[in-house]
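Enquirer: Structure provided below as structure tokens; questions to follow.
The values are calculated or read from the model by the stated rules, or taken from the named source; none is laboratory data. What you are looking at is a predicted structure, and each value in this text was computed from that prediction instead of being measured. Note that each Cβ is placed from the backbone with ideal geometry, even for glycine, and that neighbours are counted across all protein chains shown. The protein model used for the area step is the full one, side chains on, heavy atoms only, and it has no ligands, DNA or RNA in it. Shrake-Rupley method; radii C 1.70, N 1.55, O 1.52, S 1.80 Å.
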Amino acid sequence: MTSVALGPRYREDALRGLAETEFDVLVVGGGIVGAGAALDAISRGLSVALVEARDWAAGTSSRSSKLIHGGLRYLEQRDFGLVREALRERGLLLHRLAPHLVRPVQFLYPLRNRVWERAYVSAGVTLYDTMGGSRALPRHRQLTRRAALRRAPALRPDALIGAVQYYDAQVDDARYTMMVARTAAQYGATVATRAEVTGFLREGERVTGATVLDLEGGREIDVRARRVVCATGVWTDGAQAMTGCRAAFGVQASKGVHLVVPRDRIPMDTGLITRTAKSVLFIIPWGRHWLVGTTDTPHGDGPDEPVADHTDVGYLLDQANAVLRTPLAHDDIEGVYAGLRPLLSGEMDDTARLSREHAVAEPVPGLVVVTGGKFTTYRVMARDAVDAVAESLDDAVPESVTARLPILGATGFEVLWNERRRLAAASGLHVARVEHLLRRYGSCTREILRMIAGDPALGAPIPGAGDYLCAEAVYAVTHEGALHLEDVLARRLRIAIEEWDGGVAAATHVAGLAAPILGWDEEETANEIKAYVRRTSEERRGGAAIAEAAA
């Protein structure tokens, strides 16, 4: 089956549909929960529109630790229900819903000098294994210090007396979010980015839709819907304020910062998780890189464009260097990114202790608000939001089916993976390139290969970002809804965080590929490049923080 292509023509048709149709459900917010809610609703037989003010996953959902996990540290907080739920979702994503996008990752948990720690941690990880299902992932193993150092020679010998080896899973968060939105569109949802909700439509007290501003064309559209679902994450307080009524709950933003460093700077064959005084430290494998994170600090400066400061960078380096044999230096940092977690607000200032649970409420008739939670449990959050919608509709709405609904690219992925050498020979690509494509596009890889067959130049690596093919940049615009250079370099491809220069060297070539599809003239193309360079400089103010900390 050919996938729905979210190209420029699709967007024009979608905007026209928004103006002409009354939907059962309008979902506001194109992060993972909003995309999930749109998929849940459309798969129950409801008519659905999904609008996002910027781009799919432009906020929190592209700036996470990129883990699909139960949250081992939540066991210590005795949040067993949250861990069990998350591990159940992890198993679904790995083996049924998205095996092309979610894959296992091994971790070491170093043990320190406390004699009771091995039994304590082992009991916790055993519970983690059990909650995760009998065959979800390999079970944990106890390692001596010598065995642990064989797997992780980067660790200081005096930083551990042994270790526990266990498994979780990881995902490209931005790609996954976009693929969920595409899956919703595949089943008939009307989806649009750069479509900002500026107010809610009302009939008496009831919310009956929203006014949407097309940020590309400048037109205003009244979108009518029987129910509106607000899934705006850290922007929830602002969205609730537009109703003019009392908010159902508040959201406290917690800033999480990650460093990106080259893979060869930390010689290990495994990821690492270790306790810190404030939270936990992850060192997570990410292709040719490591992700080092994360912080967990209150953020009160508004939800737009959080940045790392020298305190964040210094803290992460200090925590990593406490366990590494060869310390990381500031010059080792390829990139820095910061994101905000939407936590249900409480009376405490310590966001590390705020609940990762989610909440669903109807603060005014016709408007359902969902927030909190974590990436791993997005499907449960989406299901609960649509359940709340279903309860208030007169129609009989079927129960959620998303636990059995594969994400676009999953069906047929295993077959193509087994055929990857034949696909490589037929396409002229190295088998490693085909594996790269399969792990990002699943069975939609056939569409990429057809593009390359039609124009062999698209099979070349992108200059300045050789991990990606030119065809991927084109596909991002023709099929994945990218409207701007930033959308391609930062979220469809992860060049913005993976390259030393943030993707600046690749910007001109990628803009040239996108220009004829998006109708940019020379001036517009130059402006896209300038805007990307400027935005990259602003977002990577962490670079200035690094320099400041180094000085």
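Enquirer: Would you be able to say whether some residue in the stretch 12-32 is touching a Leu at 6+ places or on another chain (Cβ under 7 Å), part of a loop (DSSP other than H, G, I, E, B) and either without any contact (Cβ under 8 Å) to a residue 12 or more places away in the chain or in the same structural domain as T190 (by the TED database) (or both)?
Expert: So far as the stretch 12-32 goes, yes, one or more of its residues are touching a Leu at 6+ places or on another chain (Cβ under 7 Å), part of a loop (DSSP other than H, G, I, E, B) and either without any contact (Cβ under 8 Å) to a residue 12 or more places away in the chain or in the same structural domain as T190 (by the TED database) (or both).
Enquirer: One residue is enough: does the stretch 502-513 have a residue meeting the conditions out of contact with any helix residue (DSSP H, G or I) (no Cβ under 8 Å at 6 or more places or on another chain) and either outside the structural domain of E12 (by the TED database) or buried (at least 22 other Cβ atoms within 10 Å of the Cβ) (or both)?
Expert: Yes, because at least one residue in the stretch 502-513 is out of contact with any helix residue (DSSP H, G or I) (no Cβ under 8 Å at 6 or more places or on another chain) and either outside the structural domain of E12 (by the TED database) or buried (at least 22 other Cβ atoms within 10 Å of the Cβ) (or both).
Enquirer: Just to check your reading of the model, which residue among T371, T376 is within 30 Å of A248 (Cα to Cα), touching a Pro at 6+ places or on another chain (Cβ under 9 Å) and either open to solvent by 40 Å² or more (accessible area, probe 1.4 Å) or not assigned by the TED database to the domain that holds G287 (or both)?
Expert: T371
Enquirer: Does at least one position in the stretch 108-130 carry a residue that is part of a strand (DSSP E or B) and under 21 Å from the mean Cα position of the chain (by Cα)?
Expert: Taking every residue of the stretch 108-130 in turn, none turns out to be part of a strand (DSSP E or B) and under 21 Å from the mean Cα position of the chain (by Cα).
Enquirer: Still on this structure, I have one more. Within the stretch 394-440, can you find the residues that are over 23 Å from M451 (Cβ atoms), in contact with a Lys or Arg (Cβ under 6 Å, 6 or more places away or on another chain) and surrounded by 12 or more Cβ atoms within 10 Å (Cβ to Cβ)?
Expert: Of everything in the stretch 394-440, those that are over 23 Å from M451 (Cβ atoms), in contact with a Lys or Arg (Cβ under 6 Å, 6 or more places away or on another chain) and surrounded by 12 or more Cβ atoms within 10 Å (Cβ to Cβ) turn out to be V397, S400, T402.
Enquirer: Let me ask something else. With the structure loaded, tell me whether A388 is at pLDDT 95 or above, assigned by the TED database to the domain that holds C245, open to solvent by 10 Å² or more (accessible area, probe 1.4 Å) and out of contact with any Gly (no Cβ under 9 Å at 6 or more places or on another chain) or whether it fails that test.
Expert: Yes.
Enquirer: Determine which member of the set I529, I497 is β-branched (V, I, T) and modelled with pLDDT under 95.
Expert: Going through I529, I497 in turn, just one is β-branched (V, I, T) and modelled with pLDDT under 95: I497.
Enquirer: Could you check the stretch 6-47 and list, in sequence order, the residues that are among the hydrophobic types (A, V, I, L, M, F, W, C) and open to solvent by 40 Å² or more (accessible area, probe 1.4 Å)?
Expert: A19
Enquirer: Name every residue in the stretch 239-271 that is of a type outside the set (S, T, N, Q), part of a helix (DSSP H, G or I), more than 19 Å from T326 (Cα to Cα) and in contact (Cβ under 8 Å) with a residue 60 or more places away in the chain, in order of residue number.
Expert: Hit for the stretch 239-271 is A239, nothing else.
Enquirer: Right, another one. Checking the conditions here, which among D172, D222 is charged (D, E, K, R) and either within 30 Å of L438 (Cβ to Cβ) or modelled with pLDDT under 95 (or both)?
Expert: The conditions single out D172.
Enquirer: Let me ask you something else. So which residues in the stretch 442-457 are under 27 Å from the mean Cα position of the chain (by Cα), open to solvent by less than 30 Å² (accessible area, probe 1.4 Å) and over 13 Å from A5 (Cβ atoms), if there are any at all?
Expert: G442, T445, L449
Enquirer: Moving on. With the structure loaded, tell me whether G314 is over 27 Å from V171 (Cβ atoms), open to solvent by 10 Å² or more (accessible area, probe 1.4 Å) and touching a helix residue (DSSP H, G or I) at 6+ places or on another chain (Cβ under 9 Å) or whether it fails that test.
Expert: Judged against the criteria, G314 is a match.
Enquirer: If you check T274 against the conditions, is it more than 22 Å from the chain's Cα centre (by Cα), touching a residue at least 24 places away in the same chain (Cβ under 8 Å) and in a strand (DSSP E or B)?
Expert: Against the criterion (more than 22 Å from the chain's Cα centre (by Cα), touching a residue at least 24 places away in the same chain (Cβ under 8 Å) and in a strand (DSSP E or B)), T274 qualifies.
Enquirer: Another question, if that's okay. Spot the failing condition for G81; the list is (1) open to solvent by less than 30 Å² (accessible area, probe 1.4 Å); (2) over 24 Å from T411 (Cβ atoms); (3) outside any loop (DSSP other than H, G, I, E, B), and only one is missed.
Expert: (1)
Enquirer: For T326, work out the one condition from (1) assigned to a loop (DSSP other than H, G, I, E, B); (2) open to solvent by less than 60 Å² (accessible area, probe 1.4 Å) it doesn't fulfil.
Expert: (2)
Enquirer: Could you check the stretch 177-238 for strands (runs of 3 or more DSSP E) lying wholly inside it with 2 or more residues that are open to solvent by 50 Å² or more (accessible area, probe 1.4 Å) and either closer than 20 Å to V401 by Cα or touching a residue at least 60 places away in the same chain (Cβ under 8 Å) (or both)?
Expert: The qualifying strands (runs of 3 or more DSSP E) are 220-230.
Enquirer: I need the full set of residues from the stretch 368-383 which are farther than 18 Å from R90 by Cα and more than 18 Å from the chain's Cα centre (by Cα), in order please.
Expert: V368, V369
Enquirer: Of all the residues that make up the stretch 287-304, how many are open to solvent by 30 Å² or more (accessible area, probe 1.4 Å) and assigned to a strand (DSSP E or B)?
Expert: The number of residues fulfilling the criteria is 2.
Enquirer: Hey, any hits in the stretch 272-281 for a residue that's among the aliphatic types (A, V, I, L, M), closer than 30 Å to A239 by Cβ and open to solvent by 10 Å² or more (accessible area, probe 1.4 Å)?
Expert: No: zero hits.
Enquirer: Return the total of residues in the stretch 458-487 being in a helix (DSSP H, G or I) and open to solvent by 10 Å² or more (accessible area, probe 1.4 Å).
Expert: 5
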